[in-house]
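**Student:** A single structure is presented below for examination.
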C-alpha cells in the first residue's frame, strides 16, 4: 500500500439557495434549534467554526447567499430554478489530516484553503466556510455564489436573431461548474495543498457527502407539527368535556351523558392518531439511522476503492517512469562514450554550471561558469533562436556543450590568462610550437594564439 496522501476537493450544486444543506453545515435548524447528525460526535461540535464573517444583519449561511445575490449588481432577474450556491467540500486523506491537526498546522491549512477559494472564485463570492471537527476527518464546507463577469455563451440556431449580451455580473453555475474549469480547480487545489503533504485527489470520484439529512428533518418537523396539532385538539376536547360535566349540576343528566360519551370517543380517537404518528416517527428515525450508516459505509468504501485504484495506477506509472529513466541514462552513457566531443568544451575548460534564465523569451540568454586549474570565469551570450543547434538543444538532440561551443568561441569560454594557457597547451598537443605572449596581463588584453579569433565581434 502506497503512503501517498490525497487532497480532496468535491463540488456540488445546491438546490436554489441551498437552505436545506445549511441545517447540516451549521448544526442547527432554520428556527435556531441545535441539530447534531448521527455521524457526528456531539462532544466535539463546539470545535466547529464559521471562518467567514457575515455582513451586518446577516445571521446565517442561507441569508449570506441571498445577500451576495442582492448586492452583486445583477442586470437579469434570477430564475426560480437557478443554482444560487455551490457547495465545496475541502479535506484530505484521513491519516494526513490527523497529522496536520496533531502537528498544529490546521490553522495554516485553513488559511491556505481560504486563500485558494478567494483567488479562484473571488472574495465576495465566497460567502461561507465552516470547519467541521466533529466528524471522522476534519474538513471544510465552503459556499460559493456563482457570480461571473464573462460574456454569456449560447449556441446559435438557424433563423434565430442574434443573441444580445449585456455587460456586467451575472449568476451562472454552468460557467463555474464547466468540465474544463473543474479540472483546473482540482489541479490548482492540489498545488496549494502540496506543502501539507497532499497530492491531487481522486479524478472523477462520484463520492458524495451526506446530504439527505434535510429530507428526514423535514419529515420529523411534519410529524412534530401533526402531533402538536392533535394534542391541541385533545386539549380542546378536554375543555369541552369539562363543560359537559358542569351540566350534571343543572339536572340535564341524559343530555350530559350523551355528550360526554361523544367527547370521550373523540379524545380516544385523537390519542390513537397521536400514538400512530409517534410510531411512524420512530420508524422514520430508525430508517434514517440505518440509511446514514449505509451511506457512510458506502461513501468510505467508494473513497477507499478509488484511492486503491489511484495507488495501483501510480505504482504502474512509477515503474514505467523508472524504466524510461534507466533507459535514457543508458543511452546517455553510451552516447558519451561514443561521442566524447559532444560533452566537452572546445576551450578545454571544465564547465561548472550554466543557466538559461529566460528560456521562453524571444531573445534568451545563456550564462556559463567555467574553471581552468582553479581559475574561475563566467560569461554570458544571447542565443540566436533560429540557430539549428539551439533548436536541436530544445528537442534534446544536442548537448549543452554543443550549444555552448556554438555560441562561445574557445577564448570566450575563459579569461585572457586562461586563454593563453589553454592555447599553449593546444599547440603543444598538436605538435606546434608554443608562442610566447608578451602583455600586461590586464583584463582587456587579447590572445594571439592560433585558436583565437573565430569571431571578430563579441555578442552581448
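The values are calculated or read from the model by the stated rules, or taken from the named source; none is laboratory data. In this text, all values refer to a predicted model and were calculated from it rather than measured experimentally. Glycine gets a Cβ as well: all are built from the backbone with ideal geometry, and neighbour counts include every protein chain shown.
Residue by residue, here is whether (1) assigned to a helix (DSSP H, G or I); (2) closer than 25 Å to residue 170 by Cα; (3) touching a strand residue (DSSP E or B) at 6+ places or on another chain (Cβ under 6 Å) holds:
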position	(1), (2), (3)
8	no, no, yes
30	no, no, no
43	no, no, no
59	no, yes, no
64	yes, yes, yes
67	yes, yes, no
77	no, yes, no
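**Student:** Right, here's the next one. Assuming residue 113 fulfils every condition listed in (1) within 25 Å of residue 48 (Cα to Cα); (2) in contact with a helix residue (DSSP H, G or I) (Cβ under 8 Å, 6 or more places away or on another chain); (3) at pLDDT 90 or above; (4) surrounded by fewer than 20 Cβ atoms within 10 Å (Cβ to Cβ) apart from one, which condition is it?
**Tutor:** (4)
**Student:** Take the residues in the stretch 120-130 that are touching a residue at least 40 places away in the same chain (Cβ under 8 Å) and more than 14 Å from residue 190 (Cβ to Cβ), then tell me which one is surrounded by the most Cβ atoms within 10 Å (Cβ to Cβ).
**Tutor:** 128
**Student:** Right, something else. Residue by residue through the stretch 404-421, note down the ones that are under 13 Å from residue 381 (Cα atoms) and part of a helix (DSSP H, G or I).
**Tutor:** 404, 405, 406, 407, 412 - these are the residues of the stretch 404-421 that are under 13 Å from residue 381 (Cα atoms) and part of a helix (DSSP H, G or I).
**Student:** OK, next. If you take the residues of the stretch 345-382 that are more than 39 Å from the chain's Cα centre (by Cα) and free of Cβ contacts under 8 Å to residues at least 40 places away in the same chain, which of them is farthest from residue 406 (Cα to Cα)?
**Tutor:** 374
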